[in-house]
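To keep things clear, I will list the structure first and then write my remarks on it.
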Amino acid sequence: MPGKSAPLLQPTIIAHAPCRADLAGGTIDLWPLYLFHPGALTLNFAVEILTTCRVSPLKGQRIELCSIDTNREEAFANLNELIASRKHQHVLAAYLVRFFAPEGGLRVETNSQSPAGAGISGSSALMISTTAALARFVGRDLDQETMRVIAQNVEAQVIRVPTGCQDYYPAIYGGVSAIHLDPDGIRRAAVPVAPEEIETRFVLVYTGAPRQSGINNWEVFKSHVNGDKHVFRNLENIAAIARDMHQALLRHDWEDVENVLTRQHGKLKLGAVRSELPPLLELKGETEALEKLEHLIAKVDRRLRTPP
């Protein structure tokens, strides 16, 4: 009699998720801050800068975690050893593997086209691609909102401060998103703007200055909860600008979009424009924005120095 065939390993799962660029409404997506600013919303769009997660089965119970872009790798004899470990080389993958608790061995490989700290939500996009891949691998059928909740909560465990909700929606849905932040829940609505409009009208520039948005948001969070009136007024301004941006996008009024962007960046200090600004987002003029970055900085400089 022929011998029994070896059991087949389950297939490899690959998931991709895009990063995002902010349009308006950043920071206010932290719970419960938006509850104190009625009508709050956040606007962003997905960019073709991708994160990828590949989950492959391994024989036995061995678990391997590999981050290609950061060149970090670690391995564990089984899930119990991973859970018992207090330090991880690839903490994002380790926490998600711990959450999904696979029964057998596996190898998780992640990669991000976004530089670390670039300000385009590379870590949150990677949370989504890894959550999606692991959920499929272990046989869990997640709807989009459940996937967002898992990714957001586990990322909060990873960075140990509260996280906003906005970064996960473009990673899940793509396109241009309006994330409405209301007492009865969070609702994502697609903004009807063609990808070609975004492609031809915006350019994304990485300044090379990394940032830690989670830490910055935590400082804002604490100040707001502690009753800082200056922070409250700033978030009121952020909410108002986001509402104006939403209406301008719905009207396809690109001149007004530029005006709202100017108002938004006018709230920043000049030093932030030069050194700490996350990816610089501006409308293209008649020439390529990359060739005129110095002109753009000088233009922002003049506007910031001009009294309102």
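Every number here is computed from the coordinates shown, using simple stated rules; none is lab data. Nothing here was measured: the structure is a model prediction, and the numbers come from that model. Ideal geometry is used to build each Cβ from the backbone, glycine not excepted, and the neighbour counts take in all protein chains shown.
Please list, short to long, the whole-number percent of alpha-carbon pairs of the stretch 114-217 in consecutive 5 angstrom bins beginning at zero.
Spelled out bin by bin, the stretch 114-217 gives 2, 11, 18, 21, 21, 16, 8, 2, 0 percent.
Could you work out the relative contact order of the stretch 1-135, using alpha carbon pairs under 8 angstrom and six or more residues apart, expressed as a whole percent?
It comes to 32 percent, rounded to a whole number.
Tell me, Arg20, Arg263 in order of fewest to most beta-carbon neighbours within 10 Å?
Arg263, Arg20
If a/c stays under 1.5 just call it rounded; otherwise compare a/b with b/c (prolate if a/b is bigger, oblate if not). Do that for the stretch 13-190, with a ≥ b ≥ c from the square roots of the Cα gyration tensor eigenvalues.
Note, shape of the stretch 13-190 comes out prolate.
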